[in-house]
Each structure stands twice: as structure tokens, then as C-alpha cells.
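Taking it in order: structure first as C-alpha cells, then the write-up.
The values are calculated or read from the model by the stated rules, or taken from the named source; none is laboratory data. All figures in this text were calculated on a predicted structure; none of them were measured in a lab. Neighbour counts are summed over all protein chains in view; Cβ atoms, including those assigned to glycine, are modelled from backbone coordinates with ideal geometry. The accessibility values were calculated without ligands, DNA or RNA, using every heavy atom of the protein model including side chains. Shrake-Rupley method; radii C 1.70, N 1.55, O 1.52, S 1.80 Å.
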Amino acid sequence: ILCDINMPGMDGYAVLEALQQDPRCRDIPFIFLTALADRASQRRGMTLGADDYITKPFSEREILDAIAARVQRQRPLRERLEALLAERQREAGAAWSHELMTPLNGVLGGLQLIEAEADAIKPEELKDLLALIREGAERQQRLSRQLVLYFELVQLKSAPPNPARLGCEAGSCVAAGATEAAARARREADVTVQCDDARLPLAATHLSAAVAELVGNALCYSSPGQRVTVTGTGTTGRYTIAITDQGPGLTPEECRTFGPFIQFGRAKREQQGLGLGLAIAQSVAGLAGGRLTLEPGPAGRGLRAVLDLPRL
């Protein structure tokens, strides 16, 4: 918006104040064009939120340069808004109904069958039905816990806890998360854990959950008998947790663009879940001031997920 200051009825300052009251307009770049060259007038304009203040007379080049500078400054904001919108659209378009209702349908269907034929079901058949019901209930519980944890981490990102009040032992938390994922996949023999001792600025439950998600992904994308290694190594001020598998891996583009509610290769292989595992691990790393990166495994085989974290 290019606006003069001295105008009949409403001066430029009043225009800017009115625009600042409207959420749809307050982020539009605003430039004053005026003959008032004194410092007090300029200071008042900047105090009200003007992006620039050009005094008359001015050249065409001055106007174009000022506009280009303000547009360039707004571009990062616009890109962040577009990314946020894309993320919300992805969340809204996630396979909520399929993923959440499928295990529940199995539970309800099994219970209805038991109720309808309770007198005729043989003990062996009843055990099979109960096993299917338990499987569906456990899957439902896992999905629910993932959703709760993910949105809890989103809330903590906007109001992070005091790092001084947090702290966990890396070795025990990593081992707990890896053991949980291996047991859930019934592949305890395929997972090896070797971690140095260190204290990290995270809640123990969050670190264990992040490791469990990464190890669970590694097991999901590799076959029984293929090894998944989990290591934790400390250096001065930093601690690195690496989970390496021997699966198909990801493309360089996929390693850069992972996020919540994204599942890679869904068209090629059947996948359960909502695509939240990597997002949970990434959010946990971010809470500690660290990061999650994905890279090819040794000799370009498989995938290596790396949590780079500060240590206390």
C-alpha cells in the first residue's frame, strides 16, 4: 500500500491505524509517500507500523526499489503461511477414517460374532476370535497414543517447558524405546542396542517414544532376519542416536521432505498407521534444540535415522 499522509477527511496515520486493526490487512507492506520530511513525522509513521517512509520529491527508481525490498521481506512470511496451510490440508486429508475405524471394526465384528454364536463357538475358535479382537484393540490404542503424543508435542513447541527442569538418561531411555518397538514387531532378535551414558534435556517418555517410533519404522521397512542397529554416542556437548536398517531406504527427496501424515511408498506396499512416526521423532528432537536427519545406510543400503541432541 502506497499512502500519502496529508489527505482530506482521513490522514495517512488514521488509514494505517485502521488497517492495523484488521487481521486481513495488518501484514500488507505499507509505505508512506509524503512531503513531511521532519524526523518526528517519520518516527510517528514507523511507530504506527509503516514499513517505509519516502519523502517528496522522489524518483521512480526509489519507489520501485522500496516496493521490491518490502515484497522480498514479506516472502519468507508468505512461504511460512503456505507451508502451514499445506500442513493443515495434509492433516485434514489424512486417512483418518480408514486407519482409525479399521481396527475398531475388527473389534466390534469379533464381539458381535461371539454374542451371536456364544453357545456354538468351540474353545479353539473363541481363542482365535479373542486374539483378533486383542490385535485390533492394541492397534487402535497405538494409533490413539500416537495422535495424542503428536498434538501434545505440537503444543509444547509453542510453549516449551523449562529445559532446566528436564533431564533423562540416554542409555536407559534408548534401550526402553528400542525394546518396546522390537517386542511389538515380535523381532527382538533383530534389534541390537549399544549406547554411551549421557544426560539429555528431554522428558524420558518423549525420548523413549521417539526411539520407539524410529525403530518401529526400521522394522516395518525391513524383513525378518535383517538387522536393525541402535547406537548412542556422545561428544563434547552433543549426543547422537542412530537407527540403521537394511530395508529399501528412501530417496534423497524423501529424506528432505518427511513430515506429519506423510507415508512414502504407500502405493507399492501396504502400510498401517498415520505417518506420524518421523514427525514425532522430529518434534522431540526440536524440543531439545536438536534435529532429526535421514540418510542412506552403510554402502548406500537401507536408511539411517540420526537424532542429533545437546547433552546436559
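Tabulated data for the structure shown
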item: Selected from Ile241, Ile121, Ile262 as most flexible by GNM, with the chain as the system and alpha-carbon contacts under 10 Å; result: Ile121
item: Max mean-square fluctuation residue, GNM over the chain, Cα-Cα springs under 10 Å, options Leu129, Leu36, Leu153; result: Leu36
item: Potential extension, Ala299-Glu254 segment - 0.36 nm per residue separation minus Cα distance; result: 14.4 nm
item: Amide hydrogen neighbours beyond the local backbone of Cys195, cut-off 5 Å, H modeled; result: Gly232
item: Gyration tensor verdict on the range 8-55 (Cα atoms; rounded if a/c is under 1.5, prolate if a/b is larger than b/c, oblate otherwise); result: prolate
item: Shape parameters for the chain, alpha-carbon atoms, Rg then Dmax in Å; result: 27.8, 96
item: Spatial separation of Cα centroids for the range 37-57 and the range 97-155, in angstrom; result: 66
item: Cut-off under 5 Å, modelled amide H: who pairs with Cys25 long-range; result: none
item: Rounded tilt (10° steps) of 60-92 against the dominant C-alpha axis of the chain; result: 20
item: Cα centre as origin, Lys/Arg/Asp/Glu Cβ charges: the chain dipole, Debye; result: 700
item: Using a Förster distance of 30 Å, the FRET efficiency for Thr102-Thr205 (Cβ separation, nearest 0.05); result: 0.65
item: Size descriptor, Kirkwood hydrodynamic radius, that averages inverse alpha-carbon separations across the range 135-190, Å; result: 13.8
item: Value of [θ]222 nm, deg cm²/dmol, for the chain, DSSP H segments ≥ 4, -39500 (n - 2.57) each, nearest 500; result: -17000 deg cm²/dmol
item: Residues with amide H under 5 Å from that of Arg311, placed H, sequence gap 5 or more; result: Arg238, Tyr239
item: Portion, in percent, of the accessible area of the chain that falls on carbon or sulfur, probe 1.4 Å; result: 54
